[in-house]
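Asks: Please see the structure below; I have some questions.
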Amino acid sequence: MKLLNYTTTYFAVILVFLLGIWALIFYFEILDEIYDSMDDGLDNQKMLVIRKARQDSITLKQRAFEDGNYIITPTSPDLARGFTDSYRDTLMFMENELEYEPVRLLESVFQQGGSFYKIKVVTSMVEEDDLQKELFFSLLWLYIGLILTIVLLNNFFQQKAWQPFYKLLRRLEKFSIEKDEEIKYEDTKIHEFQLLNKRIDHLLKKSVESYKSQKEFIENASHELQTPLAVSINKLELMAENADLSPNQMEELGIVLHSLERLTRLNKSLLLLSRIENRQFTEKEEINWNPLIKQIVSEFNDFAAHRKVEIILFEEVEIQNSGSKDLAGILVSNLLKNAIFHTPSGTTVEVKFTHNAIHFSNPGSSPLEKKKIFSRFKGTEKADATGLGLTISKAVAEKMDLKLIYNFTTEKHIFSIHF
Amino acid sequence: MKILIIEDEKDMRHNMQVTLEKEGFLVEPVASYQDAISKIGVYDYDCILLDITLPDGNGLEILKLLKEKGYSDSVIIVSAKDSLDDKVKGLELGADDYLPKPFHMAELHARVKAVLRRRKLNGSKLFEVSNVTIEIDSHLVKVNHRELELNRKEFDVLFYLCTNRDRLVSKSALAEHVWGDYIDQTDNFDFIYSQIKNLRKKLSDANAGIEIKAVYGIGYKLLVP
């Protein structure tokens, strides 16, 4: 949920309750006020009628509401003595509407000329139903109006206020630690945002710094390892030429040499990876992928033949682009090696050109974990591989602005370079 | 043939000295920039193996000095810093080759010999071992003056082993040299065995006076029995 909608939702819910309670109170207050004023009116009318009756006794003969809004009937002194004025709601048949309508009625007694009379005064009443309906709709409109105003104003003001925040968010979204670029911060008067910018700047600088030093560390460590590795390998090579060694010792020596050579390859791969990530290989030249791949395939043919793997090349299209040829070679050879290395013996590795991609496929039984295969030392279980081949491929592809995608379809692992 | 090794790492220097002396070269090792400068000033060398990172100076400066003074010594840069920049810079300054550490002894021999071969302007481009003659430029191999038909890989293997005659050549050294830049990412070099097998058969069919001996677990050795 968006920050803006979040607060608006809260406002909407709270307003329903607040307005509801307020409407109830308001309704009863108003009703009370209306009754009050109606009763005052009735009282006043009663006085007028009584005064009129004192001047003109014919008024006392008013027995029906036809001529006015009152009736007067004689009553006994006993009844009159204990009588108090009463106001009540009742219904009365209205000629104009041909139905019963609610009226307010005042009943009272008065004395004139020794006799007691009962007087009933009526006044038409505001229809309560109508009042309720009116009130409800007024409140509804008020509610909608308020919500709309709040949403609009909220959006307007909040957006204005939160602008530095959203800008920062957008920039953070685009930020990538591998790319060597700084984040620009929006000038703001709001203290919290100033603090946020400052903290994020601090954090990012720290991360970039540690990322860089980590890269440098890997590169330096790899460099420093080269000489001791060279010394050990060469020493063993010289030692192996020693005729005094028994075949058994020779074999042991071979194993040590093999391990050291593996270490060398691993080291070289790490070095290559940090070099790619350190933005070397920036040269741009025309790369013709078809002959490049053909050449690399021919270099791998003996290796493949030894594993009883056939490499088939489908060159239906020509693909060219510009970039570093060295990187292109590294990318293709890693993918090809990976396919030859992991495919079961006796199967076929296919390299296929389509109009905007090159696919390397080999049969397999189950898909690989897409998230893991491109991470360091995650992709391989075979002891003979460095575990960096696909990581390097991914790094190269990113460096060359190509997309490297893995798919598993129809029992085949497919790595595709998309142009 | 005189070779100067400029390398600050003692064991590295020693290894290179031992292996090159075994190949019959006269080797002088020095450990520092200053020693190197004074040696170069006095003697002529056929080949200089030059480490770039020296404790008291940059190896590339030595190279610059050599070229400024017009010395004709061949220079092979030997560097642990396998960086493209250094390689390009070194070759631009006039180095003959660039060999990143770690390398195989067999590769060092091959590079040194290749550089020395190139120096001999009118020298023969022929390589002879026993009754086998290799014409380097035309990739021709003759046994007893009869041409031996080899494919490209077989030729490269044979030539590499001949350059390292009587020396142990490890499988990975051979694979990296013959099968190129990309193959070194593979970890299993058993595939070269079939090439060796074919080569052996062709050599023995032609009654060549050389023999490729397998050194179990490590590699091969070319012998003249």
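The values are calculated or read from the model by the stated rules, or taken from the named source; none is laboratory data. Note that this is a predicted model, so its numbers are computed, not measured. Quick reminder, even Gly has a Cβ in these numbers, built from the backbone with ideal geometry, and neighbours come from all protein chains shown.
Asks: With A:Glu315, A:Glu252, A:Glu261 as the choices, which residue is outside the structural domain of A:Pro363 (by TED's automatic domain parsing) and touching a strand residue (DSSP E or B) at 6+ places or on another chain (Cβ under 9 Å)? Quick ask: steps written out before the conclusion?
Replies: Values: A:Glu315 fails: outside the structural domain of A:Pro363 (by TED's automatic domain parsing); A:Glu252 fails: touching a strand residue (DSSP E or B) at 6+ places or on another chain (Cβ under 9 Å).
Being outside the structural domain of A:Pro363 (by TED's automatic domain parsing) and touching a strand residue (DSSP E or B) at 6+ places or on another chain (Cβ under 9 Å) holds for just one of A:Glu315, A:Glu252, A:Glu261, which is A:Glu261.
Asks: If you don't mind, there's one more thing I want to ask. Is it the case, given these coordinates, that A:Lys235 is within 9 Å of chain B (Cβ to nearest Cβ) and either surrounded by fewer than 18 Cβ atoms within 10 Å (Cβ to Cβ) or of a type in the set (Gly, Ala, Ser) (or both)?
Replies: Numbers: within 9 Å of chain B (Cβ to nearest Cβ): yes; either surrounded by fewer than 18 Cβ atoms within 10 Å (Cβ to Cβ) or of a type in the set (Gly, Ala, Ser) (or both): yes.
Here the answer is yes, as A:Lys235 does meet what is asked.
Asks: State whether the residues of segment B:131-154 include one that is outside the structural domain of B:Leu26 (by TED's automatic domain parsing), in a strand (DSSP E or B) and under 18 Å from the mean Cα position of the chain (by Cα). Step through it out loud before you land on a result.
Replies: As a first pass, look at segment B:131-154 and keep what is outside the structural domain of B:Leu26 (by TED's automatic domain parsing): B:131-154.
Adding the requirement that they be in a strand (DSSP E or B) leaves B:132-135, B:140-143, B:146-148.
Now drop any that are not under 18 Å from the mean Cα position of the chain (by Cα), which leaves B:134-135.
There is at least one residue in segment B:131-154 that is outside the structural domain of B:Leu26 (by TED's automatic domain parsing), in a strand (DSSP E or B) and under 18 Å from the mean Cα position of the chain (by Cα).
Asks: Follow-up question, since we're still on this one. I'm checking my understanding of the structure. Among residues of segment B:145-182 that are over 25 Å from B:Phe25 (Cβ atoms) and of a type in the set (D, E, K, R), which one is farthest from the other protein chains (Cβ to nearest Cβ)? I'd like the intermediate steps shown before the answer.
Replies: Initial filter on segment B:145-182 (over 25 Å from B:Phe25 (Cβ atoms)): B:145-155, B:171, B:175, B:179-182.
From what's left, of a type in the set (D, E, K, R): B:146-147, B:149, B:152-154, B:171, B:181.
Working: B:Arg146: 27, B:Glu147: 24, B:Glu149: 18, B:Arg152: 10, B:Lys153: 7, B:Glu154: 11, B:Lys171: 9, B:Asp181: 7 Å.
Step by step, filter segment B:145-182, then rank; the result is B:Arg146.
Asks: So, in segment A:238-259, how many residues would count as being part of a helix (DSSP H, G or I) and surrounded by fewer than 21 Cβ atoms within 10 Å (Cβ to Cβ)?
Replies: The first filter runs over segment A:238-259 and keeps only residues part of a helix (DSSP H, G or I), leaving A:238-240, A:247-259.
Next cut, surrounded by fewer than 21 Cβ atoms within 10 Å (Cβ to Cβ) only: A:238-239, A:247-256, A:258-259.
Total meeting the criteria: 14.
Asks: For the structure I just gave you, tell me whether B:Asp156 is over 22 Å from B:Asp46 (Cβ atoms) and surrounded by fewer than 20 Cβ atoms within 10 Å (Cβ to Cβ). Let's see the steps before the verdict.
Replies: Details: over 22 Å from B:Asp46 (Cβ atoms): yes; surrounded by fewer than 20 Cβ atoms within 10 Å (Cβ to Cβ): yes.
Criteria met by B:Asp156.
Asks: I want to confirm something. Restricting to segment A:249-270 and keeping residues that are within 7 Å of chain B (Cβ to nearest Cβ) and touching a residue at least 24 places away in the same chain (Cβ under 8 Å), which single residue is farthest from A:Asp401 (Cα to Cα)?
Replies: A:Leu257
Asks: Still on this model: Can you confirm whether A:Gln226 is within 14 Å of chain B (Cβ to nearest Cβ) and modelled with pLDDT of 85 or more? Show your work before the answer.
Replies: Details: within 14 Å of chain B (Cβ to nearest Cβ): yes; modelled with pLDDT of 85 or more: yes.
Judged against the criteria, A:Gln226 is a match.
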